[in-house]
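Before any comments, here is the structure.
The values are calculated or read from the model by the stated rules, or taken from the named source; none is laboratory data. Since we're looking at a predicted model, the values are computed, not measured. Counting neighbours? That spans all protein chains shown, and the Cβs are built from the backbone with ideal geometry, glycine included. To get the accessible areas, we keep the full protein, side chains included, count just its heavy atoms, and leave off ligands, DNA and RNA. Shrake-Rupley method; radii C 1.70, N 1.55, O 1.52, S 1.80 Å.
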Amino acid sequence: MAKFYGSVGFCDMKETRPGVHEEVITERKYFGDHIRISRRLESSGNLNDDINVANEISIVADPFARDNFHKMRYVEFMGARWKVSSVRVEYPRLILTLGGVYNGRQA
């Protein structure tokens with residue numbers, strides 16, 4: 001198993017002005033292991049196929065990650081940010097399944 005160390009982005013909704021809520025991203029660093037590393041191409045209506053990874057990363061969860069796993073948006077892996085498509089809780093670890101490239105807000 002390969003080792004992992006990288007950033008995980010958590011999204012929280014904050015009121016920036018009265019009646020206006022925006023996403024605020026907080027990044028935290030985690031250690032873990034790569035459980036599965038794979039990729040797939042998905043054909044779409046675009047000229048080029050979309051690249052998706054189907055990687056699973058197991059991170060050692062601190063109390064913040066355990067309490068906020070539902071707010072995880074992305075994982076930085078191999079120089080790109082990838083969407084967290086699912087989280088499986090196996091405390092003290094969280095198993096993150098990654099999907100396509102994340103193009104949303106960043107920290």
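Scanning segment 50-85 for residues that are of a type in the set (Gly, Ala, Ser), modelled with pLDDT under 95 and either farther than 17 Å from residue 26 by Cα or open to solvent by 40 Å² or more (accessible area, probe 1.4 Å) (or both) turns up 54, 79, 85.
Being loosely packed, with under 12 Cβ neighbours inside 10 Å and either modelled with pLDDT of 95 or more or of a type in the set (A, V, I, L, M, F, W, C) (or both) is the requirement here; does residue 47 meet it? I'd like the intermediate steps shown before the answer.
On the way: loosely packed, with under 12 Cβ neighbours inside 10 Å: yes; either modelled with pLDDT of 95 or more or of a type in the set (A, V, I, L, M, F, W, C) (or both): yes.
For residue 47, the condition - loosely packed, with under 12 Cβ neighbours inside 10 Å and either modelled with pLDDT of 95 or more or of a type in the set (A, V, I, L, M, F, W, C) (or both) - is met.
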